[in-house]
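S.K.: Have a look at this one before I ask anything.
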Amino acid sequence: MQLKVSENIKRYRKSMDLTQEQLAESLGVTIGAVSKWENGGNVPDITTLMELANLYNISMDELLGYDKSTKNVDALAELIENLMHEHKFDEATIEAKNALARYPHTFKILHACAEMYRYKYVENQAKEADAARNEAIDLYNKALSYISQNDDTAINEFTIKLQIAHLRGEKEPEKALEELKKINYNGVNDTVIAQILLFTGKYKESLDYSTRAVLRCFALQYTTINYMLMAVAADGKKESLERACDIADHELRLLDEYKKDSSVGYIDKLKAIKLVLKAWVMAALGDDKEMETLVKKAYLLASRYDKSKKKNDLAGDFKFYYSEEKAYFFDSTGVTAVAGMDNLFEELKEYPSKKLVKFLPKVIECWRKESK
């Protein structure tokens, strides 16, 4: 064990952009006292050390420079997590209390204990479930105060605030909604917000959020399946290409399910793109006849779309749209579907799989014939 009190007092003071005078004022001591601490001429008493640790948002072990503290913290956090996963909540609670007593200002311990109490509440493993919920919320909030210590990329301010909001959901819906809306980045919380609104009787607002959530899932699924199709087909093997065709067929069926009626709309443009991708795969399979059939279908849909007045209006073409707000979608092919297909072909030429790219000219030539 090696103590580095003087170095750490100075280092953490500077990290907080505090002068010696400001630190002295915060602690109610003289500048001379702070100077002696940092020069190693004197050591603060235990009460002042605790105040310093609290001010710096670190544990006493970190302030003292106790080299083994990190290992101890990691071991304790892992023990609590293991007991939690084994559903040994009584033992986990004992270990959590001991860990919090030793490291009340350490992020990893605070977060691990918060997680344990959350699972304890969610799985209703104790009569004091509400107490476990409140303890989890309290510990998550404390963990936020020490987020600067966190080195786990899977954990951040957003994930912690999201857990707090989920915990508040059933008992404190209004607080949960308020917190969820504050961190609803790019609509990521639309679904849970819709759920809380539903069970609090706010049906219209719930429909707005659920509609946005479904649209977002629809758009994400469409794009992701395109990537999946191309990744599956990348090796050019017959079985891979056949699986890619199955993926395309599945998405085409889904597009039909999402389409509101037989009138022309934005989903027709999306279908045209999917048909061209499938035609590309069919060309790789050597089925030129089916490739031509698919390209013709795609061109017909694209030209019908270009003649319609529903440019990029997904709301009017989407079967499950229940919001009064308009929804317009934009894609990399551009506003028109026929001319926009040229943009798609340019993108596909950059596809790194040479085994598939070599069949693209066939599809392009077939499309050119249809567009003449």
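S.K.: Can you return the lysines within cross-link range of K97? Criterion is Cα-Cα under 29 Å, with same-chain partners fewer than 8 residues away left out.
M.R.: Counting by Cα, and skipping residues close in sequence, K97 has these lysines nearby: K4, K68, K71, K88, K108, K120, K127, K142, K161, K171, K175.
S.K.: Taking the Cα centre of the chain as the origin, how large is its charge dipole in debye, to the nearest 20, when only Lys and Arg (+1) and Asp and Glu (-1) carry charge on their Cβ atoms?
M.R.: 1580 debye
S.K.: Per DSSP helix of 4 or more residues, -39500 (n - 2.57); summed, then divided by the residues of the chain. What does that give at 222 nm, rounded to the nearest 500?
M.R.: Taken over the chain, the calculation gives -22000 deg cm²/dmol.
S.K.: In a shell of Cβ-Cβ distance under 10 Å around R168, excluding R168 itself, what net charge do Lys and Arg (+1) and Asp and Glu (-1) give?
M.R.: -2
S.K.: Which pairs in the list K238/K274; K296/K354; K237/K296 are over 22 Å apart, alpha-carbon to alpha-carbon?
M.R.: K296/K354; K237/K296
S.K.: OK, next. On full extension of the chain, what length is gained from I183 through L252, given 0.36 nm per residue of separation minus the C-alpha to C-alpha distance?
M.R.: Computed gain between I183 and L252 is 21.4 nm.
S.K.: What percent does the relative contact order of segment 199-358 come to when contacts are Cα pairs within less than 8 Å and at least six residues apart?
M.R.: 24 percent
S.K.: Could you list I164, I31, I273 in order of exposure, starting from the residue whose Cβ has the fewest other Cβ atoms within 10 Å?
M.R.: Sorted ascending by nearby Cβ count, the order is I31, I273, I164.
S.K.: Right, here's the next one. Using a 10 Å cut-off around each Cβ, can you sort I147, I46, I160, I364 from fewest to most neighbouring Cβ atoms?
M.R.: Ordered by Cβ neighbours within 10 Å, fewest first: I46, I147, I364, I160.
S.K.: Related question: Any aspartates and glutamates with Cα under 12 Å of the K36 Cα? List them, leaving off those in the same chain fewer than 8 positions away.
M.R.: Within the straight-line limit of under 12 Å, K36 reaches these aspartates and glutamates: E7.
S.K.: Select one label from [x] 54; [y] 23; [z] 30: the one whose number is percent of Cα pairs over 34 Å apart as derived from the coordinates shown.
M.R.: Checked against the structure: label [x].
S.K.: Return C366, C113 ranked ascending by Cβ neighbour count within 10 Å, so the fewest neighbours appear first.
M.R.: C366, C113
S.K.: Okay, moving on. Can you give the local net charge around M291? Use residues other than it whose beta-carbon is closer than 9 angstrom to its beta-carbon, Lys and Arg +1, Asp and Glu -1.
M.R.: Its environment carries a net charge of -1.
S.K.: Enumerate the calculated ³J(HN,Hα) couplings along segment 162-171 in order (Karplus 6.51 cos²θ - 1.76 cosθ + 1.60, θ = phi - 60°), each rounded to whole Hz, writing x wherever the residue is Gly or Pro.
M.R.: My calculation for segment 162-171 gives 5, 5, 4, 4, 4, 5, 6, x, 6, 8 Hz in order.
S.K.: Mind checking which of F158, L23, L100 is farthest towards the positive end of the chain's charge dipole, using Cβ charges of +1 (Lys, Arg) and -1 (Asp, Glu) about the Cα centre?
M.R.: Positive-end residue among those listed: F158.
S.K.: Near M116, within a Cβ-to-Cβ distance under 15 Å, what is the net charge of the other residues, with Lys and Arg +1 and Asp and Glu -1?
M.R.: In short, -4.
Values in this text are rule-based calculations from the coordinates and carry no lab data. Source: prediction; values computed, not measured. Neighbour counts run over all protein chains shown; Cβ positions are idealised from the backbone, glycine included.
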